There are 2 protein chains.
Amino acid sequence: MDNKKDKERRETNEIFIGSKPFMKYVIATIMQLEKNGSAIIKARGKFISRGVDVAEVVKKRVKEKDGTDLSQGIIIGTDAFKNEEEKQINVSTIDISLNRN
Amino acid sequence: MDNKKDKERRETNEIFIGSKPFMKYVIATIMQLEKNGSAIIKARGKFISRGVDVAEVVKKRVKEKDGTDLSQGIIIGTDAFKNEEEKQINVSTIDISLNRN
(Lines give C-alpha, C1' and ligand atoms only; values in the text may rest on other atoms or scores of the structure.)
Protein backbone atom coordinates (compact mmCIF):
# COMPACT_ATOMS: atom_id res chain seq x y z
CA MET A 1 0.00 0.00 0.00
CA ASP A 2 2.71 2.42 1.02
CA ASN A 3 4.58 1.57 -2.10
CA LYS A 4 1.60 2.44 -4.24
CA LYS A 5 1.14 5.75 -2.43
CA ASP A 6 4.81 6.61 -2.92
CA LYS A 7 4.50 5.83 -6.60
CA GLU A 8 1.44 8.02 -7.03
CA ARG A 9 3.09 10.85 -5.21
CA ARG A 10 6.20 10.51 -7.34
CA GLU A 11 4.19 10.47 -10.51
CA THR A 12 2.07 13.46 -9.64
CA ASN A 13 4.96 15.73 -8.76
CA GLU A 14 6.65 15.27 -12.15
CA ILE A 15 6.24 17.98 -14.78
CA PHE A 16 6.99 16.82 -18.33
CA ILE A 17 8.16 19.66 -20.57
CA GLY A 18 6.71 19.80 -24.08
CA SER A 19 5.45 22.43 -26.50
CA LYS A 20 2.51 23.83 -24.53
CA PRO A 21 2.68 27.54 -23.60
CA PHE A 22 5.69 28.18 -21.37
CA MET A 23 3.78 29.60 -18.41
CA LYS A 24 1.67 26.42 -18.12
CA TYR A 25 4.77 24.55 -16.99
CA VAL A 26 5.81 27.30 -14.60
CA ILE A 27 2.37 27.34 -12.96
CA ALA A 28 2.14 23.54 -12.82
CA THR A 29 5.54 23.40 -11.10
CA ILE A 30 4.65 26.10 -8.56
CA MET A 31 1.39 24.28 -7.79
CA GLN A 32 3.29 21.03 -7.17
CA LEU A 33 5.67 22.84 -4.84
CA GLU A 34 2.70 24.26 -2.90
CA LYS A 35 1.05 20.85 -2.70
CA ASN A 36 3.95 18.43 -2.19
CA GLY A 37 6.86 20.66 -1.21
CA SER A 38 8.73 19.23 -4.19
CA ALA A 39 8.53 19.02 -7.97
CA ILE A 40 10.59 17.30 -10.65
CA ILE A 41 10.89 19.00 -14.03
CA LYS A 42 11.61 16.38 -16.68
CA ALA A 43 12.68 17.14 -20.26
CA ARG A 44 14.18 15.29 -23.21
CA GLY A 45 16.11 16.33 -26.32
CA LYS A 46 15.44 19.83 -27.59
CA PHE A 47 13.06 20.49 -24.67
CA ILE A 48 15.95 20.40 -22.18
CA SER A 49 16.68 24.13 -22.68
CA ARG A 50 13.03 24.85 -21.98
CA GLY A 51 13.12 22.72 -18.83
CA VAL A 52 16.03 24.80 -17.50
CA ASP A 53 14.11 27.99 -18.34
CA VAL A 54 11.08 26.72 -16.40
CA ALA A 55 13.24 25.86 -13.35
CA GLU A 56 14.92 29.28 -13.40
CA VAL A 57 11.62 31.17 -13.66
CA VAL A 58 10.05 29.06 -10.88
CA LYS A 59 13.03 29.70 -8.55
CA LYS A 60 12.83 33.44 -9.24
CA ARG A 61 9.05 33.61 -8.67
CA VAL A 62 9.14 31.63 -5.42
CA LYS A 63 12.00 33.78 -4.16
CA GLU A 64 10.08 36.96 -5.01
CA LYS A 65 6.84 35.70 -3.49
CA ASP A 66 8.00 34.45 -0.09
CA GLY A 67 11.77 34.77 0.03
CA THR A 68 12.35 30.99 -0.15
CA ASP A 69 15.48 29.68 -1.86
CA LEU A 70 14.47 26.34 -3.38
CA SER A 71 17.09 23.63 -3.14
CA GLN A 72 17.75 21.77 -6.35
CA GLY A 73 19.25 18.58 -7.72
CA ILE A 74 20.03 17.98 -11.37
CA ILE A 75 20.51 14.66 -13.14
CA ILE A 76 21.35 14.28 -16.82
CA GLY A 77 21.18 11.01 -18.69
CA THR A 78 20.51 9.24 -21.96
CA ASP A 79 17.41 7.32 -23.06
CA ALA A 80 18.11 4.74 -25.76
CA PHE A 81 15.32 3.35 -27.90
CA LYS A 82 14.69 2.01 -31.40
CA ASN A 83 12.84 4.02 -34.01
CA GLU A 84 10.43 2.69 -36.65
CA GLU A 85 13.32 1.52 -38.82
CA GLU A 86 14.82 -0.41 -35.87
CA LYS A 87 17.66 2.11 -35.68
CA GLN A 88 19.06 2.83 -32.22
CA ILE A 89 18.30 6.40 -31.14
CA ASN A 90 19.84 8.12 -28.12
CA VAL A 91 18.15 11.12 -26.58
CA SER A 92 19.53 13.17 -23.68
CA THR A 93 17.36 13.77 -20.63
CA ILE A 94 17.36 16.12 -17.66
CA ASP A 95 15.57 15.85 -14.32
CA ILE A 96 15.57 18.99 -12.20
CA SER A 97 14.26 18.40 -8.66
CA LEU A 98 13.14 21.48 -6.76
CA ASN A 99 12.43 21.36 -3.03
CA ARG A 100 11.21 23.70 -0.34
CA ASN A 101 13.34 22.94 2.68
CA MET B 1 51.18 34.76 -10.29
CA ASP B 2 49.35 31.72 -9.04
CA ASN B 3 46.13 33.57 -9.49
CA LYS B 4 46.94 34.25 -13.11
CA LYS B 5 47.85 30.63 -13.73
CA ASP B 6 44.60 29.48 -12.13
CA LYS B 7 42.69 31.85 -14.32
CA GLU B 8 44.35 30.65 -17.50
CA ARG B 9 43.77 27.07 -16.59
CA ARG B 10 40.13 27.76 -15.83
CA GLU B 11 39.67 29.59 -19.09
CA THR B 12 41.30 26.96 -21.22
CA ASN B 13 39.30 24.06 -19.84
CA GLU B 14 35.96 25.70 -20.72
CA ILE B 15 34.12 24.55 -23.85
CA PHE B 16 31.49 27.00 -25.09
CA ILE B 17 28.71 25.31 -27.03
CA GLY B 18 27.55 27.01 -30.23
CA SER B 19 26.50 26.00 -33.73
CA LYS B 20 29.72 24.38 -34.97
CA PRO B 21 29.52 20.69 -35.94
CA PHE B 22 28.56 18.62 -32.90
CA MET B 23 31.66 16.37 -32.88
CA LYS B 24 33.98 19.40 -32.62
CA TYR B 25 32.68 20.01 -29.10
CA VAL B 26 32.95 16.34 -28.17
CA ILE B 27 36.57 16.17 -29.34
CA ALA B 28 37.49 19.50 -27.69
CA THR B 29 36.04 18.27 -24.37
CA ILE B 30 37.85 14.92 -24.55
CA MET B 31 41.11 16.74 -25.33
CA GLN B 32 40.65 18.99 -22.28
CA LEU B 33 40.03 15.95 -20.11
CA GLU B 34 43.26 14.37 -21.40
CA LYS B 35 45.21 17.56 -20.80
CA ASN B 36 43.79 18.95 -17.56
CA GLY B 37 41.83 16.06 -16.09
CA SER B 38 38.77 18.30 -16.13
CA ALA B 39 36.55 20.19 -18.56
CA ILE B 40 33.60 22.54 -18.18
CA ILE B 41 30.92 22.49 -20.87
CA LYS B 42 29.14 25.85 -20.91
CA ALA B 43 25.94 26.59 -22.84
CA ARG B 44 23.26 29.27 -22.94
CA GLY B 45 19.65 29.41 -24.12
CA LYS B 46 18.74 27.01 -26.91
CA PHE B 47 22.27 25.54 -26.86
CA ILE B 48 21.69 24.01 -23.42
CA SER B 49 20.17 20.84 -24.94
CA ARG B 50 23.24 20.53 -27.13
CA GLY B 51 25.56 20.97 -24.15
CA VAL B 52 23.85 18.05 -22.38
CA ASP B 53 24.19 15.95 -25.56
CA VAL B 54 27.93 16.74 -25.68
CA ALA B 55 28.40 15.76 -22.01
CA GLU B 56 26.52 12.50 -22.50
CA VAL B 57 28.50 11.51 -25.60
CA VAL B 58 31.82 12.41 -23.90
CA LYS B 59 30.97 10.30 -20.83
CA LYS B 60 30.03 7.35 -23.05
CA ARG B 61 33.19 7.60 -25.18
CA VAL B 62 35.53 7.89 -22.18
CA LYS B 63 33.80 4.94 -20.53
CA GLU B 64 34.17 2.86 -23.70
CA LYS B 65 37.79 3.87 -24.24
CA ASP B 66 39.31 3.25 -20.81
CA GLY B 67 36.49 2.26 -18.48
CA THR B 68 36.58 5.55 -16.53
CA ASP B 69 33.38 6.91 -15.05
CA LEU B 70 33.73 10.69 -15.14
CA SER B 71 32.39 12.51 -12.11
CA GLN B 72 30.17 15.46 -12.90
CA GLY B 73 28.72 18.61 -11.40
CA ILE B 74 25.90 20.63 -12.94
CA ILE B 75 24.99 24.24 -12.27
CA ILE B 76 22.09 26.07 -13.90
CA GLY B 77 21.60 29.81 -13.73
CA THR B 78 20.34 32.94 -15.43
CA ASP B 79 22.30 35.66 -17.23
CA ALA B 80 20.52 39.00 -17.35
CA PHE B 81 21.50 41.64 -19.88
CA LYS B 82 19.99 44.49 -21.89
CA ASN B 83 19.35 44.19 -25.62
CA GLU B 84 19.73 46.95 -28.23
CA GLU B 85 16.38 48.44 -27.25
CA GLU B 86 17.47 48.55 -23.58
CA LYS B 87 15.03 45.79 -22.77
CA GLN B 88 16.03 43.37 -20.00
CA ILE B 89 16.66 39.89 -21.38
CA ASN B 90 17.14 36.78 -19.25
CA VAL B 91 18.85 33.75 -20.68
CA SER B 92 19.31 30.43 -18.89
CA THR B 93 22.77 28.91 -18.60
CA ILE B 94 24.23 25.52 -17.78
CA ASP B 95 27.76 24.58 -16.67
CA ILE B 96 28.56 20.88 -16.75
CA SER B 97 31.89 20.06 -15.07
CA LEU B 98 33.42 16.70 -15.97
CA ASN B 99 36.35 15.26 -13.99
CA ARG B 100 38.56 12.23 -14.13
CA ASN B 101 39.00 11.18 -10.53
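The values are calculated or read from the model by the stated rules, or taken from the named source; none is laboratory data. Worth saying up front: this structure is predicted, and the values here are computed from it rather than measured. Virtual Cβ from ideal backbone geometry, glycine too; neighbours counted across all protein chains shown.
See the values below:
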| item | result |
| --- | --- |
| Residue in region A:25-43 that is over 22 Å from A:D69 (Cβ atoms), within 11 Å of another protein chain (Cβ to nearest Cβ) and either free of Cβ contacts under 8 Å to residues at least 24 places away in the same chain or of a type outside the set (V, I, T) (or both) present | yes |
| Members of region B:62-77 that are within 12 Å of chain A (Cβ to nearest Cβ) and over 16 Å from the mean Cα position of the chain (by Cα) | B:K63 |
| Condition met for B:I48 (within 10 Å of chain A (Cβ to nearest Cβ), outside any helix (DSSP H, G or I) and not aromatic (F, W, Y)) | no |
| Index of the failed condition, B:N36 passing every other in (1) of a type in the set (S, T, N, Q); (2) surrounded by fewer than 20 Cβ atoms within 10 Å (Cβ to Cβ); (3) farther than 22 Å from A:G73 by Cα; (4) at pLDDT 95 or above | (4) |
| From A:F81, A:F16, residue being of a type in the set (F, W, Y), modelled with pLDDT of 95 or more and closer than 29 Å to B:L98 by Cβ | A:F16 |
| Per-region count, region A:90-101, residues touching a helix residue (DSSP H, G or I) at 6+ places or on another chain (Cβ under 9 Å) and away from every other protein chain (no Cβ under 12 Å) | 2 |
| Test: residue in region A:60-68 that is in contact with a Ser or Thr (Cβ under 9 Å, 6 or more places away or on another chain) and at pLDDT 95 or above | yes |
| Residue in region A:61-76 that is assigned to a helix (DSSP H, G or I) and among the aliphatic types (A, V, I, L, M) present | yes |
| B:K42 being surrounded by 12 or more Cβ atoms within 10 Å (Cβ to Cβ), assigned to a helix (DSSP H, G or I) and not aliphatic (A, V, I, L, M) | no |
| Considering residues of region A:78-89 that are within 12 Å of another protein chain (Cβ to nearest Cβ) and either surrounded by 14 or more Cβ atoms within 10 Å (Cβ to Cβ) or of a type in the set (A, V, I, L, M, F, W, C) (or both) only, the residue nearest to the chain's Cα centre (by Cα) | A:T78 |
